[in-house]
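Here is the structure we will look at.
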Amino acid sequence: MLLAFQLLSGSFSNHLFTDTQRFVIASSSQFLRVAVPTPLRRVFDYLPVVGVDAPVAGTRIRVPFGRRQVIGILLGFAESSSWPEKQLKPALEYLDSEPLFSAELFQALLWASDYYQHPVGDTFATALPKLIRTGSPIEPPAKIRYRALPPEQGLASQLARAPRQLELLENLTHSGPLTMAEIREAGFDRALLKQLEDKGLTEAILADRSEEKPGPDVTVAASSVRPNAEQISALAAITHELGFQCSLLDGVTGSGKTEVYMQAIAKVLEAGKQCLLLVPEIGLTPQNLRRFEQRFNCPVVAMHSAMTDRERLLAWRAARSGWAPIVIGTRSAVFLPLANPGIIIIDEEHDASFKQQEGLRYSARDFAVKRAQLENIPVVLGSATPSFESLNNALAGKFQHLKLSQRAGPASAPKISLIDMASEPVKEGISEALSVKIDKHLQQGNQVLLFINRRGYAPVLQCNSCGWHCECRHCNASMTVHASPPSLRCHHCEARTNIPSHCPNCQSDKISTMGAGTQKLEQFLDKQYRPVPVFRIDRDSTRGREAFAQLTDKINQGEPSVLLGTQMLAKGHHFPNVTLVAILDADIGLFSPDFRGQEQMIQTIVQVAGRAGRANKMGEVVIQTRYAKHPGLNSLITQSYEQCAKSLLQERQLSHMPPFTHLCLLRIESSVAQQGVRFARQCFETAFHLQQQEQQIELIGPLPAPMERKAGRFRFQLHIKSASRPRLQRFLQALVVTIEGGRTPSQVRWSLDVDAQDLL
Ligand code: ADP
Ligand code: ZN
Ligand code: ZN
C-alpha cells in the first residue's frame, strides 16, 4: 500500500517554525504535516478529518499508517503537498484541543531532531511518557463529585435524628466536593448520600481539574545555614529576572552547591514559577527527595526510570499543569513540559548518565541549555569536576563561571598522597602502607572508604598450565568471575556460564582467578578486620532501590567500618564519618583506549576523594598506583582539578578532539562480519564523496570499534569531525539522507551519534 509522505530536504524546523514563535492555526484547505513514530526520517502529510474543526499544532492525531493506525504529533500545516491529493489519506481523529507542549519546548524538540539527525516522530516518542504516546488524556478526566449546598434554616432540626447524615454533610462542607470513592473511604455509603440529596442538602457536579486537589501552598523553610561570600555572589549571579543565562557552578565537593540550588529554587518559587532539577541516575535517592520536600514543604515530583507507566503519566501531568512546583528527575525529565518554567538545574553535570546511548542519542545537559535558551530562563550546571565541554565554555566566557572554592562549614579539604605499589609489599591489592593507615583510622573510631571500579570476584579466570583465559563467546572481553552464585559473567552482554573445574584447553585442573574485584576484596577485608563490619556497595549488592538506602543508613550510624565500593560510592553521597579514602587501583583508568579516559579518571578520583572528611573530621586520601611517576596522577596531588583539566584541554586542542572540534560517530553493527565491513566501507565512500562538497570536514575510518565484537555483533565506526557546527550539520544531514536512501543489508544496523561521549 502506498503511503503519502513528503521527504523534506533541508531542515523542516526551519521551514515551519523560525518565522513564527507561536503555534499556527490551520485554515480548512490545508494539509496536515504529521510526525509519525517510525524510524523514517520523514514528515507525513494527511488530509484533515472531515467535518471537524481544525486542530492546533503540537497536538496528537490518530492517522492511518500502512495497515495500522498510529498516534503522531501534528507539526503544522502546508498549503501544498508533494504528493497528489488523491493519494493522501484523511487523518482519523484529533486527540487534543490544546498542544502537549509549550511552543518553546516544541521548538526545542524539533531542534533536537535536527541536531541529532534523529527521526522527528521518534524524537517526540522519546520525549513523551508511554501512556501519552498511546492516547491517555492530557488531563485527568472530569469526575462526578458531590458537594454540600449552603445550609438552610432549620438544618439542625432536619438532621436531628440523623447524626450520620449530619456527619457526612459536615464532612463535605469541610473538605469540598468528593467523589463517591472518597466518600466511601471516609466511612460513609451511597444510601446515606442519597438521603442528603433527597433533602436537597447536597448535589452532584462534574468537576474538572481546577476543582481537584489544589496545588500545594509552597512555604519555604528558612535555611539553617548562612551563605558564605562565594555562595552569596553565586546566588546574585543566578537571577531568573534576566531570562536566559547559563552558569557553571564549579564548586569543590562539600562547598555547598546544593545550598545554592535550594536558595535559587526558593527565589523562583516565590516568583510563582517551577523548577526542574536533573540529577544523575544514581543520585536520585529517597533521601535526596526528602531533603527538598522538607525545605520547601511541598510535594516534590520525581521522574526516573524505575517508575511505572502510570506514575510517569501522573508526573508528566503534574509538571505540565503547573501543579508540581519542583520536579526532580533523571535524564529524560528534561523533556517534561512545564506550565511555568522558572529555572533548570543540572547537578553533577559531568555525569555520563546524562547522555543517552541508544535511539535519540541526546545529551540532557545540552538539551537543557537549548531549552532554557528558548524558554528564556536560567540554567545552572553544577559540579565539582565539570565536564571539559562546560569548563571550556566557562573559560571562553560563554557560560558564567561561578566558583565555590572552599568547603562550606567546618570541613576542610583532605590531604592527597600516592602509594607506589611497585615498591611495596601488596596483599590482595592492598599495600603495606595502606594497611597501616586503615588500622590507624579504624582504631581512631572512624570509617574507611576503599574504591575499586571493578565489581565481581575477579576480572579473569585463567589456566596456570597453558595460559588459557576465559573469554566471552559473544564479546571481545574476559568473563568476570562472580562468587554468589558461583559463575562466570560477561559485563558487556547477558552471557553467563558455570566455572569450569578443568581447563577446556589442556584439561589441567590448575585454574585460578587473577586480579581482584569487590567480592574477593570483601572476603579478604572481612577476615582481616573482623569484627569491624565491611559494607560492599556495588551494582550487585544494591539491587533494588531500598537495598542502597538500607546500606547507607547502616553506614551512617557511624560505627567504625570499612566501605568498599565501585563508582556508586563516588556520587554525591554524604558519609560524615569517613576519614580515609583509598583509590585501590588508579591504573585501571590510566590507560583507557578512549579519549575521555583521563578526564574520567581525574573526575572519579576527585569525586571519590571528596567523600573524605565531609563533617568536622580531617580527611586523608591515598591513591595506589604502579606508575607513581605518571604526570597526570602527580598533578592531581599538587594541583586543583581545574589546573589538571586545563593541561588536558591543551592536549585535546593539539589533537583536534572535543571540545575544540565537534565529533560525530557513525556506528555500524552486524551479526555477519563481512556484511558489516562492506557496509562500513560503502558508508565511508559516501562520506568521502560528500566531503568533496563541504569544507572543514575530517573523516577517519572505517575502523573496528575498540571492542570489535559485543553481544555477538561486529562493530565498526566512522569518525566525522569538524570545527564548524553548521558545516558538520549540513554534512551529516546529507550523509544520513544518502545512507537511508540506499540499501541496508538485513543484518546491518547503523546509527549516528552526534557529540559522542566515547569511542567505545
Ligand atoms: P555540595 O553539594 O557542594 O557537595 P552541600 O550543599 O551538600 O555541598 O553542602 C555540604 C555541607 O555543608 C552540608 O552539610 C551543608 O548543609 C553545609 N553547608 C552548605 N553551605 C553552608 C554554609 N554557608 N555554612 C555552613 N554550612 C554550610
Ligand atoms: Zn590450560
Ligand atoms: Zn559478552
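The values are calculated or read from the model by the stated rules, or taken from the named source; none is laboratory data. Owing to the predicted nature of the structure, the values given are computational and were not obtained by experimental measurement. Note that we place each Cβ from the backbone using ideal geometry, even for glycine, and neighbour counts take in every protein chain shown.
Scanning region 232-254 for residues that are closer than 24 Å to V300 by Cα and within 12 Å of ligand 1 (Cβ to nearest atom) gives L235, L249, G254.
Considering (1) exposed (fewer than 13 other Cβ atoms within 10 Å of the Cβ); (2) outside any helix (DSSP H, G or I), the lone condition that T579 does not fulfil carries the number (1). Here K403 meets the list (1) charged (D, E, K, R); (2) out of contact with any helix residue (DSSP H, G or I) (no Cβ under 7 Å at 6 or more places or on another chain); (3) surrounded by fewer than 22 Cβ atoms within 10 Å (Cβ to Cβ) almost entirely, failing just condition (2).
One residue stands out in region 449-471 among those that are over 22 Å from G589 (Cα atoms) and buried (at least 21 other Cβ atoms within 10 Å of the Cβ): the one that is farthest from ligand 3 (Cβ to nearest atom), namely C463. Taken over region 510-539, the residue count meeting the criterion of being of a type outside the set (G, A, S) and surrounded by fewer than 12 Cβ atoms within 10 Å (Cβ to Cβ) is 3.
With the condition kept exactly as written, say whether any residue in region 280-287 is surrounded by 15 or more Cβ atoms within 10 Å (Cβ to Cβ), assigned to a loop (DSSP other than H, G, I, E, B), at pLDDT 90 or above and touching an Asp or Glu at 6+ places or on another chain (Cβ under 8 Å). Yes, region 280-287 contains at least one residue that is surrounded by 15 or more Cβ atoms within 10 Å (Cβ to Cβ), assigned to a loop (DSSP other than H, G, I, E, B), at pLDDT 90 or above and touching an Asp or Glu at 6+ places or on another chain (Cβ under 8 Å). Of all the criteria given as (1) surrounded by 16 or more Cβ atoms within 10 Å (Cβ to Cβ); (2) farther than 30 Å from R713 by Cα; (3) touching a residue at least 12 places away in the same chain (Cβ under 8 Å), the one not satisfied by V426 is (3). Against the conditions (1) crowded, with 19+ Cβ neighbours inside 10 Å; (2) farther than 28 Å from N340 by Cα; (3) over 21 Å from the mean Cα position of the chain (by Cα), Q117 satisfies every one except (3).
For every residue, the table says whether it meets (1) surrounded by 19 or more Cβ atoms within 10 Å (Cβ to Cβ); (2) modelled with pLDDT under 95; (3) within 16 Å of ligand 3 (Cβ to nearest atom).
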| residue | (1), (2), (3) |
| --- | --- |
| F660 | no, no, no |
| C664 | yes, no, no |
| F688 | no, no, no |
| Q692 | no, yes, no |
| Q695 | no, yes, no |
| E708 | no, yes, yes |
| F716 | yes, no, no |
| H719 | no, no, no |
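Per-residue answers, yes or no, for (1) away from ligand 2 (no atom under 16 Å from the Cβ); (2) outside any loop (DSSP other than H, G, I, E, B); (3) in contact with a Gly (Cβ under 9 Å, 6 or more places away or on another chain); (4) farther than 29 Å from L551 by Cβ:
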| site | (1), (2), (3), (4) |
| --- | --- |
| N476 | yes, no, no, yes |
| H491 | yes, no, yes, no |
| E494 | yes, no, no, no |
| P500 | no, no, no, yes |
| T513 | no, yes, no, no |
| E522 | yes, yes, no, no |
| L525 | yes, yes, no, no |
| P531 | yes, no, no, no |
| F535 | yes, yes, yes, no |
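For A333, the conditions (1) at pLDDT 95 or above; (2) part of a helix (DSSP H, G or I); (3) surrounded by fewer than 24 Cβ atoms within 10 Å (Cβ to Cβ) all hold with the exception of (3).
Pairs linking a residue in region 285-308 that is free of Cβ contacts under 8 Å to residues at least 24 places away in the same chain to a residue that is of a type in the set (V, I, T) and not in a helix (DSSP H, G or I), with Cβ atoms under 8 Å and 6 or more positions apart or on different chains, are E293/V300.
Highlighted here are the helices (runs of 4 or more DSSP H) found entirely within region 57-172 that include at least 1 residues which are touching a strand residue (DSSP E or B) at 6+ places or on another chain (Cβ under 9 Å): 103-115, 120-127, 130-133.
Within region 361-383, the set of residues being within 16 Å of ligand 1 (Cβ to nearest atom), of a type outside the set (A, V, I, L, M, F, W, C) and under 21 Å from E241 (Cβ atoms) comprises just one member, G382. Could you tell me whether region 218-231 includes any residue that is modelled with pLDDT of 95 or more, touching a helix residue (DSSP H, G or I) at 6+ places or on another chain (Cβ under 6 Å) and either outside any strand (DSSP E or B) or surrounded by 14 or more Cβ atoms within 10 Å (Cβ to Cβ) (or both)? There is at least one residue in region 218-231 that is modelled with pLDDT of 95 or more, touching a helix residue (DSSP H, G or I) at 6+ places or on another chain (Cβ under 6 Å) and either outside any strand (DSSP E or B) or surrounded by 14 or more Cβ atoms within 10 Å (Cβ to Cβ) (or both). All of A319, A372 fail the test of being within 21 Å of F399 (Cα to Cα), of a type in the set (A, V, I, L, M, F, W, C) and touching a strand residue (DSSP E or B) at 6+ places or on another chain (Cβ under 6 Å), apart from A372.
When you go through T173, T258, T219 one by one, which is the residue that is away from ligand 2 (no atom under 16 Å from the Cβ) and closer than 18 Å to L404 by Cβ? Testing whether each residue is away from ligand 2 (no atom under 16 Å from the Cβ) and closer than 18 Å to L404 by Cβ leaves just T258. Just to check your reading of the model, which residue among E694, E669, E599 is assigned to a helix (DSSP H, G or I) and either under 32 Å from the mean Cα position of the chain (by Cα) or not hydrophobic (A, V, I, L, M, F, W, C) (or both)? On inspection, the qualifying residue turns out to be E599. Among the residues of region 295-315, the one identified as acidic (D, E) and in contact with a helix residue (DSSP H, G or I) (Cβ under 8 Å, 6 or more places away or on another chain) is D309. Taking region 602-618 as the region of interest, how many residues are within 31 Å of the chain's Cα centre (by Cα) and either aliphatic (A, V, I, L, M) or assigned to a loop (DSSP other than H, G, I, E, B) (or both)? Total satisfying the criteria: 11.
When L128 is tested against (1) surrounded by fewer than 20 Cβ atoms within 10 Å (Cβ to Cβ); (2) under 24 Å from W316 (Cα atoms), just one condition goes unmet, and that condition is (1).
When A148, A142 are checked against the criterion of being under 30 Å from K199 (Cβ atoms), at pLDDT below 95 and surrounded by 19 or more Cβ atoms within 10 Å (Cβ to Cβ), A148 stands alone in meeting it. Does T253 meet the test of being under 21 Å from A394 (Cβ atoms), more than 16 Å from ligand 3 (Cβ to nearest atom), of a type outside the set (D, E) and part of a loop (DSSP other than H, G, I, E, B)? Yes, satisfied.
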